[in-house]
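The values are calculated or read from the model by the stated rules, or taken from the named source; none is laboratory data. What you see is a predicted model; the values in this text were computed from it and never measured. We place every Cβ from the backbone using ideal geometry, glycine too, and count neighbours over all the protein chains shown. SASA here: full protein model, heavy atoms, side chains in, ligands and nucleic acids out. Shrake-Rupley method; radii C 1.70, N 1.55, O 1.52, S 1.80 Å.
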Amino acid sequence: MTQRDVVKKAIFPAVDKANIPARPSLKVSVLAGLGGFLAIASITALANGLSLPLILGSFGASCMILFGLPDSPLAQPRNTVFGHLICSFMGLFFLTFFADFWWALPTAVGCSMVAMMLTRTVHPPAVSNPVIVFLIAPDWSFLLMPTFAGAVVLVLVAFFYNNFVRKIPYPRYW
């Protein structure tokens, strides 16, 4: 074995292909994508109809979990709603009290992760909410609109779509 092979093996260890998840069928993939489309379309239609801000960039990633991995603990309603609320709160808190410091945003992200883990409400897409908060600098109403209202709409669409269209029991728990 050459030195190059040794280095390559150390950097790129052999992957046990038995542990790689099976590829979902085309039908399952398309149905998941359609669920994401319907969820974001619902939020957008409500936002336009009510002239309210209801959309967050992180909601797109939430759709991947809610419709692509609906059995995951990360996709359950409590994780989705409270994960988004916790992370938006952390972003607003650190923006309000520490915005002038370089460490405010990274601390908001880190505290969001800690809080979600301790409350058992981990929802990875929500960790981008503090970044969004720092980029747009909203007021505290951001917790209600778009964070809470948008997350609730996502969960409601996931509930109806997964149970009645895909025939997948959702949620596994509240």
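If the viscosity is 1.567 mPa s and the temperature 4 °C, what Stokes-Einstein diffusion coefficient in µm²/s follows for the stretch 126-174 when Rh is the Kirkwood radius over Cα pairs?
104 µm²/s
Keeping every protein chain present and rolling a 1.4 Å probe, give me the accessible area per residue for the chain in Å². Could you put the intermediate results ahead of the total?
Working: 10310 Å² over 174 residues.
Ligands and nucleic acids excluded, the figure is 59 Å² per residue.
Determine the share of the chain's accessible area contributed by carbon and sulfur atoms, expressed in whole percent, with a 1.4 angstrom probe.
Carbon with sulfur: 73 percent of the solvent-accessible area.
Please find the FRET efficiency linking LEU144 to VAL28, where r is the Cβ-Cβ separation and R0 is fixed at 30 Å, and quote it to the nearest 0.05. Could the numbers behind the result be given before it?
Values: r = 35 Å, r/R0 = 1.16.
It comes out at approximately 0.30.
Membrane-span-like helices of the chain, defined as complete DSSP H segments with a Cα extent of 27 Å or more along the helix axis and a mean Kyte hydropathy of at least 1.0, are identified as 26-50, 77-98.
Accessible area, 1.4 Å probe, largest first: how do ARG166, ARG120, ARG78, ARG172 sort? Walk me through the numbers before you get to the answer.
Working: ARG166 35, ARG120 175, ARG78 65, ARG172 120 Å².
These residues rank, largest area first, as ARG120, ARG172, ARG78, ARG166.
When the Debye formula is applied to the Cα atoms of the stretch 83-174, each taken as the same point scatterer, what base-10 log of I(q)/I(0) results at q = 0.12 Å⁻¹? Debye intensities relative to I(0), on a log10 scale: -0.42. Helical content alone sets the calculated 222 nm signal of the chain at -19000 deg cm²/dmol, taking -39,500 (n - 2.57) per DSSP H segment of four or more residues and averaging over every residue. Restricted to Cα atoms, the stretch 55-96 shows a radius of gyration and a Dmax of 11.5, 36 angstrom.
Over all pairs of distinct alpha carbons, what does the Kirkwood formula give as the hydrodynamic radius of the stretch 1-148, in Å? Show your work: numbers first, answer last.
Values: mean 1/r = 0.0573 Å⁻¹.
So the Kirkwood estimate lands at 17.4 Å.
Provide the gained length on full extension for the span ALA99 to ILE168, in nm with one decimal, where the gain is 0.36 nm per separating residue minus the Cα-Cα distance. Before the final figure, lay out the partial values.
On the way: separation 69, 0.36 × 69 = 24.84 nm, distance 4.37 nm.
20.5 nm is the gain from fully extending ALA99 to ILE168.
Each of PHE101, GLY83, VAL6 was scored by the projection of its Cα onto the charge dipole of the chain, and the greatest displacement toward the positive side belongs to VAL6; charges sit on the C-beta of Lys, Arg, Asp and Glu.
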